[in-house]
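Reviewing the structure listed below.
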Amino acid sequence: MIVRLIGVKEKKEANGRAIEFLQLKTKGQKIFLKYDETKHDEKNHLMVYLYLKNKTFLNAHLIKKGLAEVDMSYHFKNKDRFLNYLNEK
């Protein structure tokens, strides 16, 4: 099964660092998936918000750290929150 992070769009120049960040943060950790209004994308990938046990919101951290862009191609409940992270830089 392929999982896609809600609101996160690949940033080509940071792709390797984004993958490394996710691997480092999730290795050996319990993770939790939360869903939005749309549970699957057009390719039937599961759309999720990814959290660690300590409630670290990984979708948001990827955007805050500049490792991903906000996906503007569809509506999701945290879109404004994610866009605000870009304005904080």
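Summary of computed values
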read-out	value
Qualifying strands (runs of 3 or more DSSP E) (wholly inside the range 1-59; at least 1 residues being among the hydroxyl-bearing types (Ser, Thr, Tyr))	46-52
Any chance Lys12 is of a type outside the set (Val, Ile, Thr) and under 21 Å from Leu83 (Cβ atoms)	yes
Those residues of the range 42-60 which are farther than 21 Å from Leu83 by Cα and either of a type in the set (Lys, Arg) or touching a strand residue (DSSP E or B) at 6+ places or on another chain (Cβ under 9 Å) (or both), in sequence order	Lys43, His45, Leu46, Leu52, Lys53
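Quick note: the coordinates plus some simple rules give every number you see, no bench work behind them. Bear in mind the structure is a predicted one, so any value in this text is a computation, not a measurement. All Cβ positions, glycine included, derive from the backbone under ideal geometry; neighbour counts span all protein chains shown.
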